[in-house]
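Novice: Have a look at this one.
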Amino acid sequence: MLPNRRDDARPDDGRPRGWRAAVAGGALVAALVAGCTGTSTGTAGADDATPPLSTVPGSDVPSDAPRSSLTTPIEGGTPFSPYLAAVDAVAGVSEDAAQASAARQQKVQQLVATCMKDAGFEYVPAATDEAEPTSYPWTEDVVGLPQLPDDRAEVERVGYGVDDVDAAEAARLDSQELDPNDAYAETLGAAGQAEYYATLTGSDGPDDPQPDPTGGCYGRSDAAVPASDDEGRGALAEQYGQLFAGMGSLRMRGLQADTRVADLNARWYGCVLDAGYDLSPPEGVDVDTFSPVDTYFLAVRTPPGGVAGYPGELETADDIPVEERYLVGSAEERAIAVVDFDCRVATDYEQTLVTALVDLEAQFVAAHRQELDELLAAVELGQA
């Protein structure tokens, strides 16, 4: 699935945004940063203009086609695996902490509404997201590699899988709904709108030479509701912050910087070129290396019966046909997936990538064994 906007950092469904990220070798890292495991799930119900997945012209979707995924599970785990649950226990946000944070934000929003009303404005308290525990995306035992079936015949049949177009479009359209407070501010005229936001935030913008030190209605309301102990990540998170940063950096960036992986990607891309697929971006865009993430996004951008193109820098999802933003199960998409599959087999891509990761992680664990063992002991003692 292609991102909503090419000039933003992240999409609403968690996929990497920025079409340059989608075609550059760094997109593999961006996928892990975003914590991608595929398209958003949810109920169908996009607007009537969105064609259902099975009726996109030129698509031929098997009824059992899997949903696409930008990550592949690592069989048997890695040297980091024994420590990942402890990392989440210490650095993640538990369900209790998420609920405490949500309850606090509800109180803050009510105070903001009262403050704005006293100043003569309307303000609708922002809805608080449903409380959910969170964790680092790199604590899953996956590698940033678009998932393909193990059997070539199955790749010929389903390719990379398909996207849930209806659900993804519904989520995208929902995210574009105008905030009621922004809609109200727009009715106030330029001067009134400026006063509204100054009252809300205590500032006329980032260049305001004399912002209200209290932060306006929001700042004062936020300060009036102290954070509970349940919201904090605790002293252990601070103690092991540098350790976690190192582990995350290795998985998110260090692997792709490894010379073995750079050589692997070069050999894989040579195979792709020999098969007739040139992944070169538009002139003026520098790309150091390509990886299977790039063939995945090539498949996304390729419409049924046509060839892939690049969207303009200012184009949004609304400007691009649905079949050029999602995997819709066309023969052209499947053909690209087969080439990727063949080139992975020819270069032993997945095993080589995982072997490099295991080696790098083993070196890290050896260098930080004492800290990691202390982390495990702290969690086992219930200190997290």
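Novice: Could you list which residues have their amide H under 5 Å from that of residue 143, counting only those 5 or more apart in sequence or on another chain, with H placed in the peptide plane?
Specialist: Result for residue 143 returns 72, 74.
Novice: Roughly how many nanometres apart are two label points built 7 Å out from the Cα toward the Cβ at residue 106 and residue 141?
Specialist: A separation of 3.8 nm, rounded to one decimal place.
Novice: Given 0.36 nm per residue, what is the gain on full extension from residue 239 to residue 367 after removing their alpha carbon distance, in nm?
Specialist: Full extension from residue 239 to residue 367 adds 44.4 nm.
Novice: What nm value, rounded to one decimal, do you get for the distance between residue 190 and residue 157 when each label is placed 7 Å out toward the C-beta?
Specialist: 6.3 nm
Novice: Quote to one decimal, in nm, the extra length available between residue 220 and residue 263 on full extension: 0.36 nm per residue of separation minus the C-alpha distance between them.
Specialist: Result: 10.0 nm gained on full extension.
Novice: State the Cα centre-to-centre distance between the stretch 76-101 and the stretch 330-384 in whole Å.
Specialist: The stretch 76-101 and the stretch 330-384 have Cα centres spaced 18 Å from each other.
Novice: For the stretch 181-196, take each phi angle, set θ = phi - 60°, evaluate the Karplus expression 6.51 cos²θ - 1.76 cosθ + 1.60, and give the result in whole Hz per residue in order, putting x for glycine and proline.
Specialist: With coefficients 6.51, -1.76 and 1.60, one gets 6, 5, 4, 5, 4, 5, 7, 8, x, 4, 5, x, 5, 4, 5, 4 Hz.
Novice: Next question. Provide the gained length on full extension for the span residue 316 to residue 376, in nm with one decimal, where the gain is 0.36 nm per separating residue minus the Cα-Cα distance.
Specialist: 17.0 nm
All of the numbers you see were taken from the coordinates with simple rules; none came from a lab. From a predicted model like this one, the values you see are computed outputs, not experimental measurements. Counting neighbours? That spans all protein chains shown, and the Cβs are built from the backbone with ideal geometry, glycine included.
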